[in-house]
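Accompanying notes for the structure given below.
The values are calculated or read from the model by the stated rules, or taken from the named source; none is laboratory data. These numbers were taken from a predicted model, which means no experiment stands behind them. With ideal geometry, Cβ positions are generated from the backbone for all residues, glycine too; neighbour counts draw on all protein chains shown.
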Amino acid sequence: MANLVLEQLTAEIEANVRIALAEDVGAGDITAQLIPAEQQAKAHVITREAAVISGVAWVNEVFRQVDAKVTVRWLVADGQAVEANAVLFELEGAARSLLTGERAALNFLQSLSAVATRAQYFADKVAGTAVKLLDTRKTLPGLRLAQKYAVTCGGCHNHRLGLYDAFLIKENHIAACGGVAATVAAAHRIAPGKPVEVEVENLSELREALAAGADIIMLDELSLEDMRTAVELNAGQAKLEASGGVNEQTIRAIAETGVDYISLGTLTKDVKAIDLSMRLSL
C-alpha cells in the first residue's frame with residue numbers, strides 16, 4: 001500500500017474543485033458583480049495559527065477554473081511547517097475573480113492543512129521509532145484522496161484507499177467463509193497480488209492468521225504485553241498493525257513494542273480547520 005503522490009491526483013483535484021465551485025458559485029457570484037469587471041486587485045493569504053501546509057494544488061485549480069488569468073504566487077509548499085501570521089500565497093488579477101474563488105480556495109487549504117498538521121503532531125510522537133503511522137477510511141465523502149494526500153504531507157502514511165485495493169478480513173468475513181485459512185486462501189485466489197490483512201483479537205487468532213499466510217495482521221486492542229509477544233511470535237513473517245486504543249498518551253508505548261504500523265482514524269476525522277485570512281488591496 002504505497003502513499004499517494006500528487007501526480008496521481010490531477011483528475012481528482014479538477015473534480016473536487018468543480019464540485020466545490022458549483023456548490024458555492026452556482027449560477028454566478030452576484031456580490032462580486034457589484035465590483036467593476038475591469039477592476040484589478042492584489043491579495044495575500046495568511047495563517048493565524050501554526051500549521052503544516054497541504055492543498056497547494058487545490059488552490060491553484062480553484063483560481064484556474066474561476067479565471068485562468070489570475071496569478072498565484074506561493075511562498076510555502078506542501079509539507080512545510082509555518083508559524084502564525086505567515087503569508088502563504090499572493091494573488092493578482094480581476095478583483096471579482098479573487099473574491100469569487102476566495103472561499104473555495106481557503107476551504108480546501110484550511111481543511112487539508114488541518115489534516116497535515118494533525119498527522120505531523122502524531123508523527124512527532126513516535127519520532128525515533130521504526131513504526132509507520134497509517135490513516136484509515138474514516139474520511140469526508142468525496143474528499144478521501146485529498147485527505148489521504150494531506151496525511152502524507154504531515155509525515156504519516158496511507159493505508160488502503162478503499163475496499164478495492166486491499167483485503168481487510170474481520171471476524172464476520174471469517175465466519176461467513178468458514179475459517180481463517182479458507183478466507184485467506186479465497187482472498188489470494190480472488191485478487192492475486194493484493195495485500196491480505198487479517199484482524200485478530202488475541203494471540204491464538206494471531207497464530208491462525210500466520211499459519212494461513214496473511215500479509216498483514218491487525219492487532220485489535222491487544223495489551224502492550226501481548227503486542228510484544230505478537231512481535232516475537234511473528235518473527236518477521238507478516239507485517240503487524242496495531243489498532244484500537246491509540247491516542248496521544250498511548251501511541252509512543254505502542255510504537256516501542258516493535259509493531260510495523262499503527263492505524264489512526266483521528267488523522268482525518270478529528271481535525272479542526274486552520275484559521276486562514278485573505279487580505280485584498282486595490
Log entry, pairs with first residue in region 44-59 being in contact (Cβ under 8 Å) with a residue 24 or more places away in the chain, second being basic (K, R) and outside any helix (DSSP H, G or I), beta carbons closer than 9 Å, six or more apart or on different chains, reads H44/R279; V45/R279; I46/R279
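Could you tell me whether L133 is assigned to a strand (DSSP E or B) and in contact (Cβ under 8 Å) with a residue 60 or more places away in the chain? Step through it out loud before you land on a result.
Working: assigned to a strand (DSSP E or B): yes; in contact (Cβ under 8 Å) with a residue 60 or more places away in the chain: yes.
In short, yes.
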(1) touching a residue at least 40 places away in the same chain (Cβ under 8 Å); (2) over 25 Å from C156 (Cβ atoms): which one isn't true of A187, the others all being true? (1)
Taking the criterion of being under 30 Å from N107 (Cβ atoms), surrounded by 19 or more Cβ atoms within 10 Å (Cβ to Cβ), of a type in the set (V, I, T) and modelled with pLDDT of 95 or more, would at least one residue in region 150-173 satisfy it? yes
Just to verify a result, which residue in region 29-80, among those that are over 30 Å from Y121 (Cβ atoms) and acidic (D, E), is nearest to the chain's Cα centre (by Cα)? D67
Among the residues that make up region 135-151, is at least one of them among the hydroxyl-bearing types (S, T, Y), within 30 Å of F89 (Cβ to Cβ) and in contact with a Leu (Cβ under 7 Å, 6 or more places away or on another chain)? yes
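Which of the residues spanning region 228-246 are farther than 29 Å from P192 by Cα and over 25 Å from the mean Cα position of the chain (by Cα)? Reasoning before the result, please.
Going through region 228-246, the residues farther than 29 Å from P192 by Cα turn out to be 228-229, 245-246.
Answer for region 228-246, where residues must be farther than 29 Å from P192 by Cα and over 25 Å from the mean Cα position of the chain (by Cα): R228, T229.
Check L282, L233, L203, L224 and return the single one that is touching a strand residue (DSSP E or B) at 6+ places or on another chain (Cβ under 9 Å) and on the phi < 0 side of the Ramachandran plot. Walk me through how you get there before you give the answer.
Working: L233 fails: touching a strand residue (DSSP E or B) at 6+ places or on another chain (Cβ under 9 Å); L203 fails: touching a strand residue (DSSP E or B) at 6+ places or on another chain (Cβ under 9 Å); L224 fails: touching a strand residue (DSSP E or B) at 6+ places or on another chain (Cβ under 9 Å).
Testing whether each residue is touching a strand residue (DSSP E or B) at 6+ places or on another chain (Cβ under 9 Å) and on the phi < 0 side of the Ramachandran plot leaves just L282.
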Filtering region 40-98 down to residues that are of a type in the set (A, V, I, L, M), closer than 17 Å to V25 by Cβ and surrounded by fewer than 18 Cβ atoms within 10 Å (Cβ to Cβ) yields A68
Taking region 136-146 as the region of interest, how many residues are within 14 Å of M1 (Cβ to Cβ) and in a loop (DSSP other than H, G, I, E, B)? 2
Given the options Q8, Q33, Q65, name the one that is in a helix (DSSP H, G or I) and within 30 Å of E241 (Cα to Cα). Q8
Among the residues of region 114-152, what is the count of those that are closer than 18 Å to V246 by Cα and hydrophobic (A, V, I, L, M, F, W, C)? 11
Can you tell me which of (1) under 27 Å from N234 (Cβ atoms); (2) without any contact (Cβ under 8 Å) to a residue 60 or more places away in the chain is the one P195 doesn't meet? (2)
Which fully enclosed helices (runs of 4 or more DSSP H) of region 147-225 have 1 or more residues being within 30 Å of Q8 (Cα to Cα) and of a type outside the set (A, V, I, L, M, F, W, C)? 180-190
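Kindly indicate whether any position in region 103-120 is over 22 Å from L6 (Cβ atoms) and in a helix (DSSP H, G or I). So that I can check it myself, show each step before the final result.
Pass one, region 103-120, residues over 22 Å from L6 (Cβ atoms): 103.
Restricting the remaining residues to those that are in a helix (DSSP H, G or I) gives 103.
The answer is yes, given that some residue of region 103-120 is over 22 Å from L6 (Cβ atoms) and in a helix (DSSP H, G or I).
Out of the residues in region 15-39 that are out of contact with any Leu (no Cβ under 6 Å at 6 or more places or on another chain) and surrounded by 15 or more Cβ atoms within 10 Å (Cβ to Cβ), state the one that is farthest from A94 (Cα to Cα).
Looking only at region 15-39, we keep the residues that are out of contact with any Leu (no Cβ under 6 Å at 6 or more places or on another chain), and these are 15-31, 33-39.
Subsequent filtering for residues that are surrounded by 15 or more Cβ atoms within 10 Å (Cβ to Cβ) retains 16-17, 20-21, 24-25, 29, 35.
Working: N16: 23, V17: 20, A20: 20, L21: 17, D24: 19, V25: 16, D29: 14, I35: 10 Å.
Among residues in region 15-39 that are out of contact with any Leu (no Cβ under 6 Å at 6 or more places or on another chain) and surrounded by 15 or more Cβ atoms within 10 Å (Cβ to Cβ), the one farthest from A94 (Cα to Cα) is N16.
Within region 248-282, how many residues are over 17 Å from the mean Cα position of the chain (by Cα) and not in a helix (DSSP H, G or I)?
Filtering region 248-282 for residues over 17 Å from the mean Cα position of the chain (by Cα) gives 248-260, 275-282.
If we keep only those that are not in a helix (DSSP H, G or I) too, we end up with 248-250, 256-260, 275-282.
Of the residues in that region, 16 qualify.
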If you check every pair at least six apart or on different chains, which have Cβ atoms under 7 Å apart with a residue in region 220-249 that is surrounded by 17 or more Cβ atoms within 10 Å (Cβ to Cβ) first and a residue that is of a type in the set (S, T, Y) and part of a loop (DSSP other than H, G, I, E, B) second? M227/T257
